[in-house]
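Peer 1: Next up is a structure, given as structure tokens.
No lab work stands behind these numbers, since they all come straight from the coordinates. Only a predicted model underlies this, so the values are computations on that prediction, with no experimental measurement involved. Cβ placement follows ideal geometry from the backbone for every residue including glycine, while neighbour counts extend to all protein chains displayed.
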Amino acid sequence: MFKSYLKLISFIVFFIFNTIYAISQNPTIKIFYEDIYPFLDVNYDKAKNAYIQYTAMKATSKFLPSFLENLSYYAFVNDDFDFAFSLADSLIQNYGFQISPPIGQFEKSYFYELLVSKNVYNKFSMIQDSLLPIYYKNNFRSLYVKERINECVFKDILLSNIMFEFPDSSCLKEPYYSILSNEDAISISIIEKICKKEGRMINNFDHGIETAQYVEFIFLHSLKNPKNIERIRQILSQYAESTYLEGKIDYNLFKLFDKWEYYHTGYQSYGTIKDAPYKYNKSKLINNDFNIDK
């Protein structure tokens, strides 16, 4: 049940932040957001052709795994099964992509339900069973990282759900919020230690598909507490900026940080909020190619 819930989180996080990108060392980020993503639901063939045209150039930059997952999803929607399975094969073998039946009446897995409705889940499952061992064999370290991040997300969800059960007038609200804040700090420390060990920000290329989205989810909750702003700023500065320039993450973390920094302080760091002032010098990532919020 938890894995399917995490997959839903990754979809939500992706769609929340899809409206912004910046020019990084990976041109596929710009291509996806300009030439593929806007047309997936309205003109699938146009989106697919944009992807094929870029890959035909044999460029060294790779599309982010989360982008390929979305393209694969819409390929299945449009009954383009050969193309869909070719993407899925790569996602499973190289990035540990998995689709499993949901467990529990309140849980939904939209990708799983799509595959079942198209009568292709059994085929997908067979391919998954054959290719996942290859991924596990070649990416043992990434499994450890992903498991640690999954534990943080699970803890976050569990504690937040308990918090929601308290009435606003409850005397338990304030001490429980203190517990939540402490657990957020622990999760941030775990992310920071992993980044230091890896020498870069946690990302879907090196640590398995959807892991980056889980980090965004943890930061989404942690940044609501102003005490976490400076700690997360340091993580972004030391690890996320260079990983972005490597082309291994997109702009979501920086947009998320600007939103909450501006909420708490009235300033921003990465230029994703139009006309918002900068507390420090502009980040080296800032340039005129950003699509910023109007």
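Peer 1: Report the charge-dipole magnitude of segment 140-265 in Debye, nearest 20, computed about the Cα centre from +1 at each Lys and Arg Cβ and -1 at each Asp and Glu Cβ.
Peer 2: 320 debye
Peer 1: Something else: Taking a ≥ b ≥ c as the square roots of the Cα gyration tensor eigenvalues, with a/c under 1.5 meaning rounded and otherwise prolate when a/b beats b/c, else oblate, which class fits segment 61-161?
Peer 2: oblate
Peer 1: I've got another one for you. Between Asn43 and Asp275, what is 0.36 nm times their sequence separation minus the Cα-Cα distance? Round to one decimal in nm.
Peer 2: 80.1 nm
Peer 1: Oh, and also: Which order results if Ser90, Ser189 are arranged by neighbouring Cβ count within 10 Å, fewest first?
Peer 2: Sorted ascending by nearby Cβ count, the order is Ser189, Ser90.
Peer 1: Along each principal axis of its Cα atoms, how long is segment 189-267 end to end? Whole angstroms, biggest number first, please.
Peer 2: 34, 22, 19
Peer 1: Taking 7 Å along the Cα-to-C-beta vector as the label spot, tell me the Ser125-Phe154 distance in nanometres, rounded to one decimal.
Peer 2: 2.3 nm
Peer 1: Now for a separate question. Could you compute the net charge surrounding Ile194? Neighbours are other residues with a C-beta less than 14 Å from the C-beta of Ile194; K and R count +1, D and E count -1.
Peer 2: Net of charged neighbours comes to +2.
Peer 1: Take the cross-link list Lys48/Lys248; Lys224/Lys259; Lys30/Lys255; Lys259/Lys279; Lys227/Lys259 and give me the ones stretching past 19 Å between alpha-carbons.
Peer 2: The pairs that break the limit, which is 19 Å between Cα atoms, are Lys48/Lys248.
Peer 1: Taking 7 Å along the Cα-to-C-beta vector as the label spot, tell me the Lys30-Thr265 distance in nanometres, rounded to one decimal.
Peer 2: My value for the distance between the label points is 2.9 nm.
Peer 1: Within 14 Å, Cβ to Cβ, of Leu40, how many net charges do the neighbouring residues add up to if Lys/Arg are +1 and Asp/Glu are -1?
Peer 2: Result for the local shell: -4.
Peer 1: If you don't mind, another one. Report the net charge of residues surrounding Asp82, where surrounding means a beta-carbon distance below 15 angstrom and charges are Lys +1, Arg +1, Asp -1, Glu -1.
Peer 2: -1
Peer 1: OK, next. Which order do peptides 205-216, 136-147 fall in by mean Cβ count within 10 Å, highest first?
Peer 2: 205-216, 136-147
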